[in-house]
C-alpha cells in the first residue's frame, strides 16, 4: 500500500484518487478551493506551496510515497498562472523520497502542421511552451518521476465547467478546421492512478488515436450537455498539433477511449 498525496483535486484528481483508494492505497487530497465533499479519503484545502500545510500532513499521516500533481498551471501567455512551479518545488522538498507524477500538456510541442508525431515531435519555443517545459523539468529532475503530456480534455464533467460552451457562442483562435489532440478525462484519471505505481519515468503523451477538427470537438462537447453552439474563428496563426501516444502503447496494457468521439 502506498500513501499518495494528490495536489489539485479537480475532475481528474478526484477520479484518480477514487481509483487508488479502491485499490487499497491511502489517499490524501489537496485543493486550493473549498475542499468539502463526500469521499472515503480525506481532502484538505490550502496552498500546495505552503510548508506549514505539508508539516501538518507529515504529522497527521506520516510518510508520503507518491505525489500526484493534477493541478493546472493556469498559463495562457507564459506569465502569471497558478504558481505551480512553487508547488512542485515545495512538494519536492517536503517529500524528497516520494515518486512524483504530473499531468502536463501537449502544448509543449511546436506546430506540426497537421503531421502526426509522437514523443519525437519538435518542442515549442513560445513563452507558454517554455514555461510548461520548465515545470516538466522541475518534476523530472527527481529521477523517479513521470510526466503525462495530455491533450485537450474531453468529457461531460469538463464540458460542464466551460463558460464558453454555456454562452452558446464560442470564438476560436486560428482555424476551426485544424486538427486537435485530445484525451477523455476518464482516461487521464485512470492513467494518473496507474502512474503512481507504474508506467516508468520520463515524459509520455496521453492522447486518443483520432484527431477531430477543433470545431467538431467543441460541438461534441456541447452535445454532452444538450447544447447547440455557434462557432467563429479568426484564422490567426495558431499551432496545429497531431500528437500520438507511442510510448504509452508500450508501457500500458489498457485502451484509450475513442467511443466518446466516434
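Quick note: the coordinates plus some simple rules give every number you see, no bench work behind them. Just so it is clear, the model here is predicted, and its values are computed rather than measured. Neighbour counts run over all protein chains shown; Cβ positions are idealised from the backbone, glycine included.
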task: May I ask you to list the residues in the stretch 200-228 that are in contact with a strand residue (DSSP E or B) (Cβ under 6 Å, 6 or more places away or on another chain) and in a loop (DSSP other than H, G, I, E, B)?
output: 201, 207, 208, 211
- line: Taking the stretch 149-192 and the residues there that are part of a helix (DSSP H, G or I) and touching a strand residue (DSSP E or B) at 6+ places or on another chain (Cβ under 8 Å), the one that is surrounded by the fewest Cβ atoms within 10 Å (Cβ to Cβ) would be 164
